[in-house]
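Below: one structure, written as structure tokens.
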Amino acid sequence: WMPVGISMGALSHTLEFVKKRIAFNAPLSANQLVQEKLSRMAAMTSSIYLLAERVTKDFVAGKCGLPAIAMAKAHNSFVGRQIVSLAREILGGNGIVLDFQIASKFADMESVYTYEGTYDINALICGRALTGVSAIKSAVSVKNEYASKSRL
């Protein structure tokens, strides 16, 4: 749920900014590309909310397990990064300073992408469920596998 909250906050702060910011005698919100990016942000935020809600309800009802949760965590943190990146783009230089909230949302999303089991591991858990083959190997098994094939 963290990517959802961060994304909602980023969208809210970005909307507030573009309505107040005047550029070339018009609010930034009147710019076509800004509206397109806002539209994309809103659609992506809605999609990650709906996925989180569905997986949560299925988990509570005992209808899903770790692969579905891993898929949702991987997807939502991946899409969340795109959302905060769009927010930063819209704010321009103001998107990298703490005064406008987006820089902190960007940093928050990066930490979620990493600590939520990491995107890569969650994607591999989902991939294992889809294929029936685990691509996750311990460092010891990889070392032993290559050591036995080494010519040195």
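Annotations for the structure displayed:
- Phi-based couplings in Hz for region 95-111 (Karplus 6.51, -1.76, 1.60; Gly and Pro marked x): x, 10, 10, 5, 4, 10, 6, 6, 4, 5, 5, 4, 5, 4, 5, 4, 5
- Karplus-derived 3J(HN,Hα) values for region 71-83, using 6.51 cos²θ - 1.76 cosθ + 1.60 with θ = phi - 60°, are 4, 5, 5, 5, 4, 5, 6, 5, 5, x, 4, 5, 5 Hz; glycine and proline are entered as x.
- Euclidean distance of C-alpha centroids, region 104-129 and region 37-93, integer Å: 11
- Estimated 222 nm signal from helices in the chain, with DSSP H stretches of n ≥ 4 weighted -39500 (n - 2.57), rounded to 500: -25000 deg cm²/dmol
- Dipole-positive endmost among ALA123, MET41, ALA135 within the chain (Cβ charges, Cα centre): ALA135
- Counting every alpha-carbon pair across the chain, the share separated by more than 29 Å comes to 34%.
- Residues whose amide H falls under 5 Å from that of ARG21, counting only those 5 or more places apart or on a different chain, are LEU28, with hydrogens built in the peptide plane.
- In units of the compact-protein estimate 2.2 N^0.38 Å, region 67-136 shows a Cα radius of gyration of 1.34.
- Sorting the segments 84-91, 56-63, 38-45, 70-77 by their mean number of nearby beta carbons within 10 angstrom, highest to lowest, gives 70-77, 84-91, 38-45, 56-63.
- Accessible surface for PHE106 stands near 70 Å², nearest 10, in the context of the full protein assembly shown (1.4 Å probe).
- In region 22-108, the convex hull through the Cα atoms has an average projected area of 6.5 nm², a quarter of its surface area.
- Net length gained if the chain between GLU16 and SER138 were fully extended (0.36 nm per residue, minus Cα distance): 39.2 nm
- The distance between label points at THR118 and LEU130 comes to 1.9 nm (points 7 Å beyond Cα on the Cα→Cβ vector).
- Contact order relative to length of the chain, as percent, for alpha carbon pairs under 8 angstrom and 6 or more apart: 26
- The charge dipole of the chain, taken about its Cα centre with unit charges on the Cβ of Lys, Arg, Asp and Glu (plus for the first two, minus for the last two), comes to roughly 360 debye.
- Farthest towards the positive end of the charge dipole of the chain, among the residues ASN94, VAL79, ALA30, is the Cα of VAL79, using unit charges on the Cβ of Lys, Arg, Asp and Glu.
The values are calculated or read from the model by the stated rules, or taken from the named source; none is laboratory data. It should be emphasised that the depicted structure is a prediction, and the values quoted were computed from it without experimental measurement. A quick note on method: Cβ atoms are made from the backbone with ideal geometry, for glycine too, and the neighbour counts reach across all protein chains shown. The accessibility values were calculated without ligands, DNA or RNA, using every heavy atom of the protein model including side chains. Shrake-Rupley method; radii C 1.70, N 1.55, O 1.52, S 1.80 Å.
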